[in-house]
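The values are calculated or read from the model by the stated rules, or taken from the named source; none is laboratory data. Keep in mind the model is a prediction, meaning the values are calculated, not measured. Reconstructed Cβ throughout: ideal geometry from the backbone, glycine too, with neighbour counts over all protein chains shown. These accessible areas exclude ligands, DNA and RNA; they are computed on the full protein's heavy atoms, side chains included. Shrake-Rupley method; radii C 1.70, N 1.55, O 1.52, S 1.80 Å.
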Amino acid sequence: MSTVSPFTLLGRSSECKARRGQLTTLHGTIQTPVFMPVGTLGTVKAMTPENLKEIGAQIILGNTYHLYIRPGHELIRRFGGLHGFMHWDRPILTDSGGFQIFSLKELAKITEDGAAFRSHIDGAKLFLSPEGAVHVQEALGADIMMALDTCIPYPADRDQAIKATALTARWAKRCREAQSDTGQLLFGIVQGGMYADLRREAIEQLVEIGFDGYALGGLSVGEPKALMEEMLDATADHLPVDHARYLMGVGTPEDLVEGVYHGIDMFDCVMPTRNARNGMLFTSQGRVVIKNACFQQDPRPLDETCGCYTCRHYSRAYLRHLFQNREILAYQLNSIHNLHYYCTLMAAMREAIQEDRFLDFRRHFYQQRTEPFA
Ligand SMILES: N#Cc1ccc(CCNc2nc3cc4nc(N)[nH]c(=O)c4cc3[nH]2)cc1
């Protein structure tokens, strides 16, 4: 596979590990740091591709496990891959399914060959090998594919972490060797549990195999925030400086700021879209729970500083009215706002790093808050 990194480092903070870069894929170049909206089943819930472009989404996520089960990768291949199927012409990253299979717990059986599991839809017996996971992602046409891994739960004892990390490394090599020459990128996933030394060893093993980018997996799995930060601090800058660094499943706006501070380039999380559907909205002053009675007659936009479609056209009173009546428009307008907030936060961090004022940005970000996000 290609050994030239598709990632270009464009600048670094002189005060911390924050960095500015760009990642070139088959469907375009992504400016980093970047947040990737999650579109598990080939749709970012309640958002059209046009909505996503308007809020500044550069790349979105799909999920191998879910799409493999339904509607199936061969059907999607016939529709021009995920890009043709969902009418999205910008980059797509597909997660390999390692996390979903881990979440199945007893419903999944992990062996050296791969993961045997039952469909959560109809209970059918299914199997994903590392080679199969790459084959499915090639059929989906993902610009960035993820190696099949075994996500280690929290807490996990050292022996459990050693075994799962070693298996993940063997699977990673099989994924890299299974790739066709399609130009699609493949990222390796670092496990190691909450053991910094195991994580650093895992990084060395993955770098030895050689990937197009590297993801930190096995985090945001229920561990205390301080422990995730400890792992970030101990490992992020052991990742190759000239390759993209992706922190999987993270996180709140604060997590994004702290992740960039530690030198992470890419993030994904269902939080902005899931919170939107639950009426929990992110603003520069902190969180707004739109169902609260205090908003019943509030004529202000969600966030006076926000330029999104929702804040340009609607009052908090109207958004509360929609949410209380479970109107479909509530989920659309709330999702537009929350994803605009996340993508604008990333754009502001990219600019701050470019102008070498990231620590000032970070101080101002916290000063504005009247309360932390959950
Ligand atoms: N709202 C909300 C909300 C829901 C869930 C989460 C936790 C997401 N955490 C997370 N996603 C992950 C995906 C992952 N994928 C793979 N293949 N491997 C991982 O270790 C992995 C680890 C993850 N950790 C965070 C916020």
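Structural remarks
- Average Cα contact separation per residue, the chain, under 8 Å, 6 or more apart, as relative contact order %: 19 percent
- Evaluating 6.51 cos²θ - 1.76 cosθ + 1.60 at θ = phi - 60° for every residue in the range 15-30, the Karplus couplings come out as 10, 7, 8, 4, 9, 10, x, 8, 10, 9, 10, 4, 10, x, 9, 9 Hz, glycine and proline recorded as x.
- Anchor Lys53: lysines whose Cα lies under 22 Å away (excluding residues fewer than 8 positions away in-chain): Lys45
- Residues in the chain average 42 Å² of solvent-accessible surface per residue, probe 1.4 Å, ligands and nucleic acids excluded.
- Sites Lys53 and Asp360, calculated FRET efficiency, Cβ-Cβ separation with R0 25 Å, nearest 0.05: 0.25
- A straight line joining the Cα centroids of the range 262-280 and the range 6-20 runs 22 Å.
- Label sites at Ala196 and Asp157, each approximated as a point 7 angstrom past Cα along Cα to Cβ, lie 2.4 nm apart.
- Relative to the dominant Cα principal axis of the chain, helix 196-209 is inclined by about 70°.
- In terms of its alpha-carbon gyration tensor, the range 1-40 comes out oblate; a/c meets the 1.5 threshold, while b/c is at least as large as a/b.
- With respect to the chain, whose longest principal axis is taken over its alpha-carbon atoms, helix 158-178 is tilted by about 80°.
- Mean sequence separation of contacting Cα pairs (under 8 Å, at least six apart), scaled by the length of the range 152-257, corresponds to a relative contact order of 27 percent.
- The distance between label points at Val4 and Gln285 comes to 5.1 nm (points 7 Å beyond Cα on the Cα→Cβ vector).
- Prolate is the label for the chain, because a/c, from the alpha-carbon gyration tensor with a ≥ b ≥ c as root eigenvalues, is 1.5 or above and a/b exceeds b/c.
- Calculated diffusion of the range 24-163, Stokes-Einstein form, Kirkwood radius summed over Cα pairs, 20 °C and 1.002 mPa s, µm²/s: 135 µm²/s
- Sum of -39500 (n - 2.57) over DSSP H runs of 4+, divided by residues of the chain (222 nm, nearest 500): -12000 deg cm²/dmol
- Summing Cβ point charges (Lys, Arg +1; Asp, Glu -1) relative to the Cα centre of the chain gives a dipole of roughly 1080 debye.
- Farthest towards the positive end of the charge dipole of the range 2-143, among the residues Leu104, Ile69, Phe79, is the Cα of Leu104, using unit charges on the Cβ of Lys, Arg, Asp and Glu.
- In the chain, taking the dipole from charged Cβ atoms about the Cα centre, the farthest positive-side position among Pro272, Tyr154, Pro224 is held by Pro272.
- Phi angles of the range 83-98 translate, via the Karplus equation with coefficients 6.51, -1.76, 1.60 and θ = phi - 60°, into HN-Hα couplings of 4, x, 4, 10, 6, 10, 9, 9, x, 10, 10, 10, 6, 7, x, x Hz per residue; Gly and Pro are given as x.
- For the range 273-340: rounded, prolate or oblate by the Cα gyration tensor [a/c cutoff 1.5]: rounded
- Ordering of 295-301, 180-186, 250-256 by packing [mean C-beta count within 10 Å, highest first]: 250-256, 180-186, 295-301
- Check: the range 76-136 dipole with +1 on Lys, Arg Cβ and -1 on Asp, Glu Cβ, in debye: 180 debye
- The chain - percent of accessible surface contributed by carbon and sulfur, probe 1.4 Å: 52 percent
- With the simple spin-label model, which puts each label point 7 Å out from Cα in the Cβ direction, the Leu329 to Lys109 separation comes to 5.3 nm.
- Length gained on full extension, Asp122 to Asn292: 57.3 nm, using 0.36 nm per residue less the C-alpha separation.
- Calculated SAXS-style log₁₀ I(q)/I(0) at q = 0.17, 0.20, 0.22 Å⁻¹ - the range 10-76, Debye, Cα scatterers: -0.76, -0.92, -1.00
- Acute angle (nearest 10 degrees) that the helix 225-235 long axis makes with the longest principal axis of the chain, alpha-carbon atoms: 50 degrees
- From the largest down, the range 181-308 spans 60, 36, 22 angstrom on the principal axes of its Cα atoms.
- Under 29 Å from Lys109, Cα to Cα: lysines that are on another chain or at least 8 residues apart: Lys125, Lys163, Lys173
- Peptides 335-342, 9-16 ordered by packing proxy, namely the average of other Cβ atoms within 10 Å per residue, highest first: 335-342, 9-16.
- Net dipole in debye of the range 317-374 [+1 Lys, Arg Cβ; -1 Asp, Glu Cβ; about Cα centre; nearest 20]: 160 debye
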